[in-house]
Structures are given as structure tokens and as C-alpha cells.
Amino acid sequence: MAYSKILRRLREEKTNYKKRGTMLMGKRDFITVNITNENTQVQIIKPGMTGDIVVASAHSTYLLDKGWQGSRKSVSAAYLTGYLAGKKALGKGAKDAILYTGTRKYTQRMAAALKGVVDAGVQVPANEETFPSSERINGDHLTVKNDITKIKSTIDGEIK
């Protein structure tokens, strides 16, 4: 019986090579959203044959400096982190992108981060019906109230 080598990232369920190959054929930038136990990270990446280049990246710990209280992995925090990444990407010349989920499922927090990128001005093919409601994005369901519009205006003022 012959030994069949399985790629490490496929074995660890980190990369879906069929989905990645299809995405690379489109030659467009892509958005990745990573939500951990404590934080949210959004990256806009330019694919390349020798390796991917991160165009813009945002992490939810940035929100702490702007007066954020509460969870950094909530729907509202994901939205603001996506908004920040979108503004940074626009500043570096990225105009359109697609969402790359990899092996992860499409969740409400991922959708909120994507809506933040879209609201920042990056063109993303996405259906408005998949985004969370404005009440959830504004954090009406949370016990700790944060001023989303104040933090958005701070991001707009800092990143042009």
C-alpha cells in the first residue's frame, strides 16, 4: 500500500484548497475575519503567487483606546473592527474585495465585520439580507452600552 501525503494545512483543517484556488483565479483582494475567544481581527489581503500580502489589518484591541467597554468579539465590536480595516484599505488603494471564509462557517459576527468593511466604502459582493440588523450592530442587545457613532467618527477623523 502506497503512502499518500496529505498537506499539513488541509490535515489541520486550516485551508480549503479548492475554495482558495477558485478565489485566486479571480485575482481580487480578499477579506478574512478571525474571531477568537477574546478578540476580532479583520484583514484585507492581496493574493500572490509567491505569497499573500496584507494590505490592511485591524484588531479589536484598537477599540479599547477609543473608550470601548465590554466584549471585543461582539457583533458591534466586529462591525467597528471591519469598518477600521475598510478605511485603512481604502487609504492604501484597495477598492474592491471578496470575503474568504476558508474552513470557517459564516456567522453573524463575521457578517457584521463584512458590513463594516462595506460601510467603510470597499466594494464587496454581499447580500444585504445576510447582515445583522442595525439594532444588533448598534449594541441595543448588550448590557454595556457603547457609542458606536462616536467611535466611527473617531476612525473617520484618524484615517482618511
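Each value in this text was obtained by applying a stated rule to the coordinates, not by laboratory testing. Fair warning: this is a prediction, and the values are worked out from it, not measured in the lab. No Cβ is skipped: glycine too gets one built from the backbone with ideal geometry, and neighbour counts run over all protein chains shown.
Using Cβ point charges alone (K and R +1, D and E -1), the dipole size of the stretch 42-130 about the Cα centre works out to roughly 220 debye. Across the options Leu64, Ile31, Asn127, the greatest Cα extent toward the positive end of the charge dipole of the chain (unit charges at beta carbon of Lys, Arg, Asp, Glu) belongs to Ile31. For the chain, modelled as a GNM whose springs connect Cα atoms under 10 angstrom apart, the maximal fluctuation among Lys46, Lys105, Lys92 occurs at Lys105. For Ala56, the residues whose modelled amide H falls within less than 5 Å of its own, excluding neighbours fewer than 5 places apart on the same chain, are Ile44.
Can you show me the helix-derived [θ] at 222 nm for the chain, built from DSSP H runs with n ≥ 4 at -39,500 (n - 2.57) apiece and divided by the number of residues, rounded to the nearest 500. Provide the component values of the computation, followed by the final result.
Values: 7 runs with 62 residues, N = 160.
So the calculated ellipticity at 222 nm is -11000 deg cm²/dmol.
Considering only the other residues whose Cβ falls under 13 Å of the Cβ of Thr32, what net charge follows from Lys and Arg at +1 and Asp and Glu at -1? Overall, the nearby charge balance is +3. Springs between alpha-carbon pairs under 10 angstrom, Gaussian network model over the chain: which of Val33, Val42, Val55 fluctuates most? In the Gaussian network model the winner is Val55.
A Cβ-based charge dipole, computed about the Cα centre of the stretch 82-158 with Lys and Arg at +1 and Asp and Glu at -1, lands at about 320 debye.
Springs between Cα atoms under 10 Å define the GNM used for the chain, and in it the highest mean-square fluctuation of Ser57, Ser71, Ser133 occurs at Ser133. Couplings for the stretch 89-101, taken from phi via the Karplus curve 6.51 cos²θ - 1.76 cosθ + 1.60 with θ = phi - 60°, read 5, 4, x, 9, x, 7, 9, 9, 7, 10, 7, 10, 8 Hz in order; Gly and Pro are left as x.
Classify the stretch 83-160 from the C-alpha gyration tensor, please: rounded if a/c falls under 1.5, else prolate or oblate depending on whether a/b exceeds b/c.
Details: a/c = 2.14, a/b = 1.06, b/c = 2.01.
Oblate, since a/c reaches 1.5 and b/c is not below a/b.
Compared with the direct C-alpha span, the chain from Arg9 to Ile98 gains 29.9 nm at full extension, assuming 0.36 nm per residue. Taking θ as phi - 60° and the Karplus parameters 6.51, -1.76 and 1.60, the scalar couplings of the stretch 72-80 work out to 9, 10, 6, 4, 5, 5, 5, 4, 5 Hz in sequence order, x denoting glycine and proline. The distance separating the Cα centre of the stretch 130-158 from that of the stretch 92-127 comes to 17 Å. Oblate is the label for the stretch 54-123. Its Cα gyration tensor axes, ordered a ≥ b ≥ c, give a/c of at least 1.5 and b/c at or above a/b.
When +1 charges are put on Lys and Arg Cβ atoms and -1 charges on Asp and Glu Cβ atoms, the dipole computed for the chain relative to its Cα centre reaches about 700 debye.
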